[in-house]
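Asks: To start, I am sharing the structure in question, which I have written as structure tokens.
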Ligand code: SF4
């Protein structure tokens with residue numbers, strides 16, 4: 001029986017696919033080590049133990065109750081074949097499919113896009129170019145790969161969002177202005193600044209900083225808590 005690199009499941013979510021009820025499957029393994037990571041239990045790749053049959057049974061039982069199946073992580077694109085298979089099965093069963101990705105691999109993302117295997121994607125723009133390695137917690141700078149991934153989604157016509165998690169070390173006016181310049185260059189109408197949260201509680205200081213930054217500079221972005 002085929003086993004998958006799924007490390008966890010959220011059976012019911014209202015926040016992981018905009019305006020849709022979804023279940024979220026978290027893949028193991030991540031290319032990044034973000035300083036603020038809340039999903040660190042999914043960073044390492046372990047022996048696969050989640051049975052494909054469990055997935056098939058799960059979505060079979062939820063037909064008519066959920067709108068979408070979402071794949072998150074970790075980084076789902078690390079296991080492209082498994083991800084493709086799960087997207088195909090979800091679609092055959094009448095669900096929309098969503099993907100949360102770091103955007104580290106435009107090549108892998110384009111495989112899903114070309115096959116129209118995803119209906120929506122959420123992609124992280126972690127920081128400005130200079131601070132990208134720091135915000136991702138790795139040596140390599142993945143800024144250009146991420147920008148390319150965003151371009152692929154833009155050209156695809158697939159619904160997507162781009163968001164930046166603002167944590168203490170990047171909550172700086174000059175840095176965030178440079179991030180907004182990237183949103184602007186990419187013609188993303190609604191930049192999303194996600195307030196870093198600890199155990200589900202948004203950091204109040206960062207929230208206040210972002211509200212002040214927005215009003216004092218008359219900027220257009222969403223503060224997501
Ligand atoms: S990309 Fe996501 S899962 Fe990976 S280290 Fe960063 S926050 Fe954690």
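Asks: What number of residues within the stretch 46-83 satisfy the criterion of being out of contact with any strand residue (DSSP E or B) (no Cβ under 9 Å at 6 or more places or on another chain) and under 23 Å from residue 122 (Cβ atoms)?
Replies: Selection size over the stretch 46-83: 2.
Asks: Still on this structure: Within the stretch 98-216, considering only strands (runs of 3 or more DSSP E) that don't extend past its boundaries, which have at least 2 residues that are under 25 Å from residue 22 (Cβ atoms), away from the ligand (no atom under 16 Å from the Cβ) and touching a strand residue (DSSP E or B) at 6+ places or on another chain (Cβ under 8 Å)? It would help to see each step written out before you state the result.
Replies: Working: elements: 120-124, 159-166, 192-195.
Those strands (runs of 3 or more DSSP E) span 159-166.
Asks: Here is a further query. If you take the residues in the stretch 18-51 that are closer than 16 Å to residue 85 by Cα and out of contact with any helix residue (DSSP H, G or I) (no Cβ under 6 Å at 6 or more places or on another chain), which one is farthest from the ligand (Cβ to nearest atom)?
Replies: 51
Asks: Being within 14 Å of the ligand (Cβ to nearest atom), in a loop (DSSP other than H, G, I, E, B) and surrounded by fewer than 18 Cβ atoms within 10 Å (Cβ to Cβ), is that true of even one residue in the stretch 53-71?
Replies: Checked the stretch 53-71: no residue is within 14 Å of the ligand (Cβ to nearest atom), in a loop (DSSP other than H, G, I, E, B) and surrounded by fewer than 18 Cβ atoms within 10 Å (Cβ to Cβ).
Asks: Moving to a separate point now. Have a look at 6, 15 and point out the one that is within 16 Å of the ligand (Cβ to nearest atom), under 18 Å from residue 97 (Cβ atoms) and exposed (fewer than 14 other Cβ atoms within 10 Å of the Cβ). Steps first, please.
Replies: Numbers: 6 fails: exposed (fewer than 14 other Cβ atoms within 10 Å of the Cβ).
Criteria check complete, one pass: 15.
Asks: Contact list please: Cβ distance under 6 Å, first residue in the stretch 22-50 and at positive phi and touching a residue at least 24 places away in the same chain (Cβ under 8 Å), second residue more than 9 Å from the ligand (Cβ to nearest atom) and not in a loop (DSSP other than H, G, I, E, B), pairs at least six apart or on different chains.
Replies: Filtered contacts from the stretch 22-50: 29/78.
Asks: Starting from residues that are modelled with pLDDT of 95 or more, within 20 Å of the chain's Cα centre (by Cα) and not in a helix (DSSP H, G or I), keep the ones in the stretch 74-95 and report whichever is nearest to residue 28 (Cα to Cα).
Replies: Filtering first and then ranking leaves 75.
Each row is one residue, and each column tells you yes or no for (1) more than 28 Å from residue 168 (Cβ to Cβ); (2) in contact (Cβ under 8 Å) with a residue 24 or more places away in the chain.
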residue: 71; (1), (2): yes, yes
residue: 77; (1), (2): yes, yes
residue: 91; (1), (2): yes, yes
residue: 141; (1), (2): no, no
residue: 145; (1), (2): no, yes
residue: 150; (1), (2): no, yes
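Asks: May I pose another question? Do the conditions hold for residue 79, that is, is it surrounded by 19 or more Cβ atoms within 10 Å (Cβ to Cβ) and near the ligand (Cβ under 10 Å from one of its atoms)?
Replies: Against the criterion (surrounded by 19 or more Cβ atoms within 10 Å (Cβ to Cβ) and near the ligand (Cβ under 10 Å from one of its atoms)), residue 79 does not qualify.
The values are calculated or read from the model by the stated rules, or taken from the named source; none is laboratory data. Because the structure is a prediction, the values reported are computed rather than measured. Here Cβ is always computed from backbone atoms with ideal geometry, including for glycine, and neighbour counts include all displayed protein chains.
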